[in-house]
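Bear in mind that the values in this text are calculations on the coordinates, not laboratory data. Predicted model, so just to flag it, every value in this text is computed and none were measured. Please note: Cβ atoms are built from the backbone with ideal geometry, for glycine as well, and neighbour counts cover all protein chains shown.
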Amino acid sequence: MALSSFFLLAFLVLFVDVLKDARLMCSADPTDGFTSVPLTEHNFEIQKPYDKPLDQRYSYKHGVRKLWVYSDDKPHDPTSMTKPRTEIRISGLDYSSGVWQFEGYGYVPNGTTGVSIIQIHGAAMGATTLMLRVYNSDLKYYRADVLITDIYNKWIRYNVIHNVDEGMVFVFIDGIQKFEVKDHGPGDLYFKCGVYEQDNASYYMESRWKKIKIYKKCVL
């Protein structure tokens, strides 16, 4: 075999290996390397307007958790000055170190806007580490970066990874990483999802959730 042919063959073999590795990286699931943390209904604490019965702002049927709130509702606590919300607070799994992940399939109906649908609550600076908000069918990091558009009336898989030790947050949409950002410092941290009114909100706000899971990565 001529020397040039040998180098060509070697290059082709290397190129195929690189493509194979690239396909493996692209097909990697965000939960790879994580361990699922068992959840019971006790872990799903519902925060809703304090003067409303639970069934007037939350339902759980056929595996789907539906949460809704109105902009003139009361806050979740009589002493709170915050805006209306109906949220699932993942209880009993607060964290302050390590690598944690929220996974859930979320659905936002047409018309819901000006609302946070996913939070990492707690931070050294401010009340939250992360808010994913809906504004006119766009999903945004707070009011800034647009992660995806046209989210209304469809089920979307959300994975939010918080590497506390490295101070980073990663957001995956339908298995594809869409965003990464520095966190806001350590704190008593936990995940939330649902609807929490923000600015320029619609009168009625709703989101639905299914297959909610929490994962933790074992760091050696």
Among the residues of the stretch 101-152, write down those that are surrounded by fewer than 17 Cβ atoms within 10 Å (Cβ to Cβ), of a type in the set (A, V, I, L, M, F, W, C) and more than 28 Å from Asp32 (Cα to Cα).
Ala124, Met125, Ala127, Ala144
Filter the stretch 181-196 for residues that are within 13 Å of Tyr141 (Cα to Cα) and within 12 Å of the chain's Cα centre (by Cα) and give the result.
none
Within the stretch 192-205, is even one residue in a strand (DSSP E or B) and touching a Leu at 6+ places or on another chain (Cβ under 6 Å)?
yes
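Scan the stretch 168-180 residue by residue and report those that are surrounded by 15 or more Cβ atoms within 10 Å (Cβ to Cβ) and either over 10 Å from the mean Cα position of the chain (by Cα) or more than 19 Å from Lys211 (Cα to Cα) (or both).
Val169, Phe170, Lys178, Phe179 - these are the residues of the stretch 168-180 that are surrounded by 15 or more Cβ atoms within 10 Å (Cβ to Cβ) and either over 10 Å from the mean Cα position of the chain (by Cα) or more than 19 Å from Lys211 (Cα to Cα) (or both).
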If I filter the stretch 43-74 down to residues being touching a residue at least 12 places away in the same chain (Cβ under 8 Å) and of a type in the set (Gly, Ala, Ser), which single residue comes out as surrounded by the most Cβ atoms within 10 Å (Cβ to Cβ)?
Ser71
In this structure, is Glu103 within 25 Å of Asp55 (Cβ to Cβ) and among the acidic types (Asp, Glu)?
no
